[in-house]
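Undergrad: Once you've had a glance at the structure underneath, I'll fire off some questions.
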Amino acid sequence: MAETPTRACGACSLSCKLLPIAALDKPHDRWCVHCRPGAGGCTIYDTRPDPCRSFSCHWLADASFGEHWFPQKAKMLVQVVAVQDANYDRFVDVHVERTAADAWRREPYRGDLERLAASPRTLVRVFRGDRTFVVRPGETLEVKRA
Ligand code: SF4
């Protein structure tokens with residue numbers, strides 16, 4: 001279920017760049033062909049696919065999530081996804097723009113991700129380009145993308 005917005009986002013449309021959308025054959029970190037950033041956003045809004053409809057930006061939904069995570073500033077987008085998994089109840093997915101490179105490895109982002117990773121039944125994943133990482137308290141593992 002999508003989180004409820006608590007902040008004003010300025011309609012950054014970054015999700016339309018960073019998220020992979022299989023239904024549109026859209027890869028990670030490339031603008032969707034249906035997006036007009038800064039000029040109204042989605043041009044197929046009424047018929048956009050389900051992943052677009054269900055997406056919610058965690059910075060927008062959680063007022064306690066630091067201002068430094070504002071997507072246009074951080075060059076990262078965080079999505080919390082509820083899952084039914086033997087080991088996890090939620091994935092915290094961090095989608096990183098290529099231009100942000102390794103900012104997620106440094107403070108204040110790193111500490112926030114480690115705190116989230118220390119939460120029960122929570123898996124923190126970072127997607128950057130074609131690389132995927134799992135953040136755990138005290139360590140980062142690069143994993144093969146499914
Ligand atoms: S279909 Fe619309 S909402 Fe979905 S990624 Fe493309 S522009 Fe964004």
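The values are calculated or read from the model by the stated rules, or taken from the named source; none is laboratory data. Keep in mind that this is a model prediction, so the values were computed, not measured. Note: ideal-geometry Cβ built from the backbone for every residue, glycine included; neighbour counts use all protein chains shown. Protein only, heavy atoms only, side chains kept; ligands, DNA and RNA dropped before computing areas. Shrake-Rupley method; radii C 1.70, N 1.55, O 1.52, S 1.80 Å.
Undergrad: Looking only at residues in the range 25-58 that are of a type in the set (Ser, Thr, Tyr) and farther than 20 Å from Leu113 by Cα, which one is most open to solvent (accessible area, probe 1.4 Å)?
TA: Tyr45
Undergrad: Here are Arg110, Arg136, Arg125: which of them is surrounded by 13 or more Cβ atoms within 10 Å (Cβ to Cβ) and in contact with a Ser or Thr (Cβ under 7 Å, 6 or more places away or on another chain)?
TA: The match here is Arg125.
Residue-by-condition table, conditions (1) more than 17 Å from Arg145 (Cβ to Cβ); (2) of a type in the set (A, V, I, L, M):
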residue: Trp59; (1), (2): yes, no
residue: Asp62; (1), (2): yes, no
residue: His68; (1), (2): yes, no
residue: Gln72; (1), (2): yes, no
residue: Val78; (1), (2): yes, yes
residue: Val83; (1), (2): no, yes
residue: Asn87; (1), (2): yes, no
residue: Phe91; (1), (2): no, no
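Undergrad: Still on this structure: Mind telling me which of the residues Ala61, Ala101, Ala117, Ala74 ends up being open to solvent by less than 50 Å² (accessible area, probe 1.4 Å), assigned by TED's automatic domain parsing to the domain that holds Gly138, at positive phi and away from the ligand (no atom under 12 Å from the Cβ)?
TA: Residue meeting the stated conditions: Ala101.
Undergrad: Collect the residues in the range 19-57 that are away from the ligand (no atom under 12 Å from the Cβ) and out of contact with any helix residue (DSSP H, G or I) (no Cβ under 8 Å at 6 or more places or on another chain), keeping them in residue-number order.
TA: Scanning the range 19-57 gives Gly38, Ser56.
Undergrad: Cβ-Cβ below 7 Å, separation at least six or inter-chain, first residue in the range 36-61 and within 22 Å of Met76 (Cβ to Cβ) and touching a residue at least 24 places away in the same chain (Cβ under 8 Å), second near the ligand (Cβ under 6 Å from one of its atoms) and assigned to a strand (DSSP E or B): which pairs?
TA: These pairs meet every condition: Gly41/Cys35; Cys42/Cys35; Pro51/Ile21; Cys52/Ile21.
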